[in-house]
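A short reminder: the numbers here are calculations on the coordinates, not readings from a lab. Computed from a predicted model, the values in this text were never measured in an experiment. Quick reminder, even Gly has a Cβ in these numbers, built from the backbone with ideal geometry, and neighbours come from all protein chains shown.
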């Protein structure tokens, strides 16, 4: 089985790449994996036939430089990849967004995440897995000062997040990657949303 993976150089994507041998990375930066597709998401070439595609694309407004730049990655690039994957025969799409994603949110970040979830659902994949982690913990290539602060505080804050609030706590990037890798083998049709507790269960 071939798995197309966008975002293979990021915190979670790089770990998914290490967990499965059937992955074809798709992105702007080379990974060194044989058969990878290096291209801009605004001009993707035809992708190889595959059954599953995973989007681990994501940035921050700070790294992107503006809300427009953020949207270009977390919305436009994700949808461009999804459409190209669908054209290649993909019927199962997995996307990593974030807890709190809501197309009606007054918070720009959450609204963009919710919009991309809504538009992916409208594409009509047989199966759509939406992975909504809280703060993803682990080393990143790019500097994210605010996130780094919360990563240091996560061991203290997580025990205080009771009930549904637990979905907003920190979760290790390795666990998210293991959950995504496991979801690649699921075939039941439908739309599924996975938050921290579900992600942790999939990762075991």
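Could you tell me how many degrees, from 0 to 90 and to the nearest 10, lie between the Cα long axis of helix 108-122 and the main elongation axis, the longest principal axis, of the Cα atoms of the chain?
The angle comes out near 40 degrees.
Helix 173-183 versus the longest principal axis of the chain: what is the Cα-based angle in degrees, 0 to 90, to the nearest 10?
40
Restricting things to alpha carbons, tell me how big region 72-134 is in terms of Rg and Dmax, in Å.
Over region 72-134's Cα set, Rg and Dmax evaluate to 11.4, 36 Å.
Separation of region 93-113 and region 39-80 by C-alpha centroid, Å?
15
Going by alpha carbons, how many degrees (0 to 90, nearest 10) lie between the helix axis of 78-87 and the longest principal axis of the chain?
So the inclination is approximately 30 degrees.
What ranking, highest mean first, results for peptides 49-60, 23-34, 182-193 when packing means the other Cβ atoms within 10 Å averaged over each residue? Let's see the in-between values first.
Values: 49-60: 22.8, 23-34: 16.6, 182-193: 13.7.
For the peptides 49-60, 23-34, 182-193, the packing ranking is 49-60, 23-34, 182-193.
For the ranges 1-12, 100-111, what's the packing order if you count other beta-carbon atoms within 10 Å of each residue, average per peptide, and put the highest first?
1-12, 100-111
Using mean Cβ contacts within 10 Å as the protection proxy, how do 37-45, 116-124 order, highest first?
Highest to lowest by the protection proxy: 116-124, 37-45.
Run the quick spin-label model on residue 66 and residue 30: label points 7 Å from Cα toward the beta carbon, then report their separation in nm to one decimal.
It is 3.1 nm.
For the chain, what's the radius of gyration and Dmax over Cα atoms, in angstrom?
Rg and Dmax of the chain, Cα atoms, are 15.9, 48 Å.
To the nearest 500 deg cm²/dmol, what mean residue ellipticity at 222 nm is calculated for the chain from DSSP H runs of n ≥ 4 alone, each contributing -39,500 (n - 2.57), summed and divided by the residues?
-10500 deg cm²/dmol
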